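The values are calculated or read from the model by the stated rules, or taken from the named source; none is laboratory data. Because the structure is a prediction, the values reported are computed rather than measured. All Cβ positions, glycine included, derive from the backbone under ideal geometry; neighbour counts span all protein chains shown. Just so you know, the surface numbers come from the protein's heavy atoms only, side chains and all, with ligands and any DNA or RNA stripped out. Shrake-Rupley method; radii C 1.70, N 1.55, O 1.52, S 1.80 Å.
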Amino acid sequence: LLEEETMLFTSISFLYYFLPIVLITYFVLPKKLRNTVLCVASLIFYFYGEPKYIILMLAEILIAYIVALLINKHKSKSILVLGIVIHVGLLCVFKYTDFIVSNINSLFNTNLSLLRLAIPIGISFYTFQILSYEIDVYRGKVKVQRNLLKLATYVTLFPQLIAGPIVRYETIEKELDERKETKEDFAYGVTRFTTGLAKKVLIANMLGELCKVFLNGTEKSVAFYWIYGIAYALQIYFDFSAYSDMAIGLGRMFGFHFLENFNYPYISKSITEFWRRWHISLSSWFKDYVYIPLGGNRVGKAKHIRNIVVVWLLTGIWHGASWNFVIWGAMFGVILLIEKFFLGKYLEKAPNFIKRLYVLFIVMVSFIIFNANNMGEAITNIAGLFGANGESFINKFTIYNLRSYAIILIIGIIGATPIPKNFIQKLQQKTKTKRAINLLEPVYVAVLLIVVTAYIVDNSYNPFLYFRF
């Protein structure tokens, strides 16, 4: 679904051509033209990787513009529903038609033709952004945007266009009209972006290599199933949180303050807490636009259960048109229900390390399902954790790969906790070390950029896992 010419944040074309040109143009031109620069740059960015579907995105922006104006004028719920049907309908056509047709063919032994449409990059993200805008206009939370260019800038902003976070219109409503770009924000943005770049290229990609070794290898062992489960859970965290870091950093360079999308989810003590810390923009979107409108927890027990099940089935299917995603979402829905109505009171009394092991194990198993091509593969890989596939506990192939990737696994485990951040914050509390850190920060950024560039040149194509959603 991804073309190799997609302009990735981790590509030489983006880092050393596109981004510098956009930044120079943006800051050289008058302030009144800065939204125009960002909108045009974002359209070029999207066109570079998805020329066929740029018309679709522009059409959806125009529809959102008209729908919001009509909602604002007539205060009509029917117009809002029409807008939602159009946007969700287009998402379903491109993302779910073949999944639906395939299941119909399997159930009824029919031979309906598949459309085989390529999924437009980022359609799930920009659709949800448009929906939040239209709904918030109807609710009166935001003012309708009468300037089409500003609305287009919001939807197309290249920092978060193709893999999130899902930025709500209310978050940057004022900054679209008037924002201040400061040296402090720019410096923070550069550091945050470079850190995300390093997380992706130096950690996530190397963990991805280990996962590929496991998936492509024939000499499995119980230990290797566990190593794979841990490695993939770390990979998807560093991959996706890296993209969020880069998006937040880029946004800050241009004066936008996007909200955080990750907050060390692997230190959670319950699955409920995990989803407050993981992909925050998505879980909060479903909470505010699906769960609460359905009644949330202010209804009877049966409807409360229904609301949770609906949200988590939708969360699963949002990630992809495959049964493993549906089951992945349903699994979290069931676990959250168990925590809410039964397990929660016992978890509260358990030692913290037990709580964390419980969360990490469930999340690891869930991501084994998430990453599988089908449920058969998922079941095999989960069964392997318990030696149910007949393999030995460990073998030479496992030992060799464990030795090869031990350092990156350790770095990944430590980096997924607040330990490094807390250490730096403690150093910054002392005047001398704070001064040294401030002086060394540009050196740190420059060194990281050089090292990352060397890796990128060696292996130029490394897409983000969440691009496919």
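Data overview
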read-out	value
Separation of the S404 and N374 label points, Cα + 7 Å toward Cβ, nm	2.8
Apportionment of accessible area to carbon and sulfur, segment 202-313, percent (1.4 Å)	59
Partners for K220 among aspartates and glutamates (Cα-Cα distance below 14 Å; same-chain residues under 8 apart left out)	E377, E391
Alpha-carbon centroids, segment 124-138 and segment 21-85: separation in whole Å	12
Bins of 5 Å, starting at 0 and running to the largest distance - Cα pair percent for segment 274-405	2, 9, 14, 18, 18, 15, 11, 7, 3, 2, 1, 0
Longest site-free stretch - the chain; sites: GluC sites (Glu not before Pro), DSSP loop, at most 10 other Cβ within 10 Å	179-469
Cβ-based net charge around N352, under 13 Å, with every Lys or Arg adding one and every Asp or Glu removing one	+2
Karplus-derived HN-Hα couplings along segment 404-409 (A = 6.51, B = -1.76, C = 1.60, θ = phi - 60°), whole Hz, x at Gly and Pro	5, 10, 4, 5, 5, 5
Euclidean distance of C-alpha centroids, segment 324-351 and segment 386-429, integer Å	26
Residue-averaged [θ]222 nm for the chain, counting only DSSP H segments that reach four residues, each worth -39500 (n - 2.57)	-22500 deg cm²/dmol
Hz values of 3J(HN,Hα) by residue in segment 216-224 - Karplus curve (6.51, -1.76, 1.60), Gly and Pro given as x	8, x, 10, 9, 7, 8, 4, 4, 5
Contour excess over end-to-end distance, with Cα ends at V451 and A302 and 0.36 nm allotted per residue	48.1 nm
For segment 143-186, accessible area per residue (1.4 Å probe, heavy atoms of protein chains only), Å²	44
By accessible area with a 1.4 Å probe, ligands and nucleic acids excluded, highest first: order of T431, T10	T431, T10
Computed P(r) (all Cα pairs; the chain; 10 Å bins; percent)	4, 18, 28, 28, 17, 5, 1, 0
Fully extended contour minus Cα-Cα distance, from F27 to K345, at 0.36 nm per residue	109.0 nm
Per residue, in Å², the accessible surface of segment 330-419 once ligands and nucleic acids are set aside, probe 1.4 Å	56
Listed pairs K200/K355; K75/K174; K212/K303; K52/K180; K183/K421; K150/K434 exceeding 31 Å between Cα atoms	K212/K303; K52/K180; K150/K434
Two-site label geometry, L112 and V310: point separation in nm, points 7 Å out along Cα→Cβ	2.4
Whole-Hz ³J(HN,Hα) from phi, Karplus 6.51 cos²θ - 1.76 cosθ + 1.60, for segment 357-372, glycine and proline x	4, 4, 5, 4, 5, 5, 5, 4, 4, 4, 6, 5, 5, 4, 8, 6
Partner aspartates and glutamates for K345 [C-alpha distance under 20 Å; skip if fewer than 8 residues away on the same chain]	E273
Computed label-point distance, nm, for sites H257 and L62 using a 7 Å Cα→Cβ extension	3.6
